[in-house]
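*Asks:* Could you have a look at this structure, given as structure tokens, before my questions?
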Amino acid sequence: MDVEILSRLQFAGTIMFHYLFPPLSIGLGLQLFLCELMYFRTRDLAWEAAARFWTRVFAVNFAMGVATGIVMEFEFGTNWAVYSRFVGDVFGSALAAEGIFAFFLESGFLAVLVFGWDRVGPKMHLFSTLMVFLGSMFSAVWIVVANSWQQTPAGYHVVFHDVQGELMPRAEITDFWAMVFNPSSVDRLTHTLIGALVLGAFFVASVCSFYLLKGKHEEVARRCMKIALPSALLFSLAAAMSGHDSAQKLVETQPAKLAAMEAHFETTDQPTGLWLFGWPDTASETVKFGVQVPAMLSFMVYNDPGRPVPGMDQIPIDERPPVWLPFQTFHLMVGLGTLMILVSATACWFWFRGNLIEKRKLMWAIIVMPLAAMTANQAGWITAEVGRQPWIVYPSTQDGVEMMGLKTADGLSESVTAEQVLSSIILFAVIYSLLFAVWIFVLNNKIQHGPESPQELAEYKAKIGKGDMADLIEHRGTSRGHGMMDEGVL
């Protein structure tokens, strides 16, 4: 058992599990805000019922995101001590900013969002919803900034410190804003946030499609579909454009990753083709069973179909990333993105014509689209991280001076054994399986119960206005734990 492989698997497993929840929180945050904005403008109780329902779903997902995100920070110290020492100054600044500007903002206003119904005014509640949505996005900003710095470091220098008689390198910030706006941060952040908004839109559309097929909560479902379907189409198209912009930058910042994503082994003086699919074989440096579009990669990268793209042979052998996994996950992400554009465009067309509900196969396709969006988000993360190997922090040039990077194998903790890491992986697998089961159970419970009808909401508000607490208590006892008196119950 190799401690490096096990440590990488441990971190990959925990972060991939955690990454199920933040993108959904960000995407749901926008859909929730739009529903509440429509209620604020129209005072239509169907919009308020929708906002109350998505608030409950959002709270469940937010709680899971917090619970699963804490573990990763401990893993930095236990498994990756050398790495933590190297990037501590950079990550400390970014994570401190995330805590101050994002987590406190999101958590503070979440209390008003969840518990503030009928306790604060509509303007304050709408403002709280917006702050929760922005807080979730700001949290992603600082996390992506920190990760992007590893990919394309900027605004720092390397200083050697004495650690128990041994000189150890440490990256220290010299320009905070250069670190924040490093060469890849804006493109990667844009693509990450758009991917989250795609997931949120398809999740809402999926639940609403389920309700419409079952003939349940139709009044609320139809209103939410008006927002969710156009959002899904808009953000799916935006994801394709932002992904294209991000990929074009790779030829300058991370040419090895680009070569791995396209299994481009050999540089020639001919235009470079684009593989639609295939099975890369590193040993023979070929792509088996593949279909290639001639000159397309040259056109996609340079907007010039005649300009060749550098291949893997331009990279030193000991600095080449794996090829098979980034190739497959990148093409999976692109394929799923194309599918989501087609499904959302077709659904919008039939919704505009007024006969979407009659297209039952399309409605079922919408129901499963959140799985496609989640898979695409995960595939994109795998492409970015595996394609960065063998570096955990890329080498760079700062003010004309070449700066050392840090290889993944050199970032490990010296005192951690393979047996310890394997034991923790097994323990995490058990705990996370239980957490996932709880999340699915609670989420399914919320969705099966669904939103209150506008009529039920009107009766509830009338009772509040009369101060009839006896009826309210009776309503709470018969609401199966999911009604309007239990907004904060997870």
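The values are calculated or read from the model by the stated rules, or taken from the named source; none is laboratory data. Source: prediction; values computed, not measured. All Cβ positions, even for glycine, are placed from backbone atoms using ideal geometry, and neighbour counts span all protein chains on display. All accessible areas refer to the heavy atoms of the entire protein, side chains included, with ligands and DNA or RNA removed. Shrake-Rupley method; radii C 1.70, N 1.55, O 1.52, S 1.80 Å.
*Asks:* Assuming R0 = 35 Å, what is the FRET efficiency of Glu172 and Ser423, from their Cβ-Cβ distance, to the nearest 0.05?
*Replies:* Efficiency at R0 = 35 Å is approximately 0.50.
*Asks:* Turning to a different aspect of this structure: In nanometres, what is the gap between the two model label sites at Ala12 and Asp162, each 7 Å from Cα along Cα-to-Cβ?
*Replies:* Label at Ala12, label at Asp162, 4.1 nm between them.
*Asks:* Would you mind checking the tilt of helix 81-98 against the longest principal axis of the Cα atoms of the chain, expressed as 0 to 90 degrees and rounded to 10?
*Replies:* 40 degrees
*Asks:* Still on this structure, please answer the following. Apply 1/(1 + (r/R0)^6) to the Cβ-Cβ distance of Ser107 and Glu414, taking R0 = 35 Å, and write down the FRET efficiency to the nearest 0.05.
*Replies:* Here the calculated transfer efficiency is 0.45.
*Asks:* Compute the distance from the alpha-carbon center of the range 218-253 to that of the range 372-436, in whole Å.
*Replies:* Each part's Cα centre sits 27 Å from the other's.
*Asks:* What number, rounded to the nearest 500 deg cm²/dmol, is the helix-based mean residue ellipticity at 222 nm of the chain, given -39500 (n - 2.57) per DSSP H run of at least four residues and division by all its residues?
*Replies:* The per-residue figure over the chain is -23000 deg cm²/dmol.
*Asks:* Grab the Cα-Cα distance for Ile5 and Leu37, subtract it from 0.36 nm times how many residues apart they are, and report the gain in nm with one decimal.
*Replies:* Once the chain is fully extended between Ile5 and Leu37, it gains 6.7 nm.
*Asks:* Based only on Cα atoms, what Rg/Rh ratio does the range 342-398 have, Rh being taken as Kirkwood's radius?
*Replies:* That ratio is 1.35, to two decimals.
*Asks:* Using a probe radius of 1.4 Å on heavy atoms only, what accessible surface per residue do you get for the range 336-395? Whole Å² is fine.
*Replies:* So the range 336-395 comes to 45 Å² accessible per residue, rounded to a whole number.
*Asks:* While we're on this one: Using a 1.4 angstrom probe, figure out how much accessible area the range 1-146 has per residue, in square angstrom, rounded to the nearest whole.
*Replies:* 37 Å²
*Asks:* A follow-up question, please. Expected output is a single nm value to one decimal: the length gained when fully extending between Asp89 and His244, i.e. 0.36 nm times separation in residues minus the C-alpha distance. What is it?
*Replies:* Result for the pair: 52.6 nm of gain on full extension.
*Asks:* Which cross-chain or sequence-distant (5 or more) residues have an amide H under 5 Å from the amide H of Trp391, H modelled 1.01 Å from N in plane?
*Replies:* Thr408
*Asks:* Moving on. Quick one: grab the alpha carbon gyration tensor of the range 1-150, order the square roots of its eigenvalues as a ≥ b ≥ c, and give me rounded if a/c is under 1.5, else prolate or oblate depending on whether a/b is larger than b/c.
*Replies:* Verdict is prolate for the range 1-150.
*Asks:* Let me ask something additional. Taking the Cα centre of the range 322-408 as the origin, how large is its charge dipole in debye, to the nearest 20, when only Lys and Arg (+1) and Asp and Glu (-1) carry charge on their Cβ atoms?
*Replies:* Dipole of the range 322-408, to the nearest 20 debye: 520 debye.
*Asks:* If you don't mind, another one. Within straight cross-link reach of Lys257, meaning Cα distance under 27 Å, which lysines are found once same-chain residues fewer than 8 apart are removed?
*Replies:* Excluding near neighbours in sequence, the set is Lys249, Lys288, Lys407.
*Asks:* Still on this structure, I have one more. Run the simple label-point estimate for Met72 and Asp399 please: 7 Å along Cα→C-beta, distance reported in nm.
*Replies:* Between Met72 and Asp399, the label points sit 3.2 nm apart.
*Asks:* May I pose another question? Report in % the part of the accessible area of the chain that belongs to carbon and sulfur, leaving out ligands and nucleic acids; probe 1.4 Å.
*Replies:* Result for the chain: 65 percent of the exposed heavy-atom area is carbon or sulfur.
*Asks:* Here is a further query. For semi-axes √(5λ) of the Cα gyration tensor in Å, several values are listed as (1) 43, 28, 20; (2) 37, 26, 22; (3) 30, 27, 21; flag the one computed from this structure.
*Replies:* So the calculated entry is the one marked (1).
*Asks:* In degrees between 0 and 90, to the nearest 10, how far off the longest principal axis of the chain does helix 418-449 point, with axes built from Cα atoms?
*Replies:* Once rounded, one gets 30 degrees.
*Asks:* So, one more: How large is the Kirkwood hydrodynamic radius of the range 252-371, in angstrom, based on all distinct alpha carbon pairs?
*Replies:* After inverting the pairwise mean of 1/r, the radius is 16.4 Å.
*Asks:* Starting from the Cα-Cα distance between Asp118 and Asp304, subtract it from 0.36 nm times their residue separation and give me the gain in nm to one decimal.
*Replies:* Using 0.36 nm per residue and subtracting the Cα-Cα distance, I get 61.0 nm.
*Asks:* Under a 1.4 Å probe, what is the accessible area of the range 188-285 per residue, stated in Å²?
*Replies:* Each residue of the range 188-285 exposes 39 Å² on average to a 1.4 Å probe.
*Asks:* Report the calculated FRET efficiency for Ser453 and Asp313 (r = Cβ-Cβ distance, R0 = 56 Å), to the nearest 0.05.
*Replies:* E(calc), rounded to 0.05, equals 0.30.
*Asks:* Rounded, prolate or oblate, given the Cα gyration tensor of the range 1-84, with a/c below 1.5 counting as rounded?
*Replies:* It comes out prolate by the Cα gyration axes.
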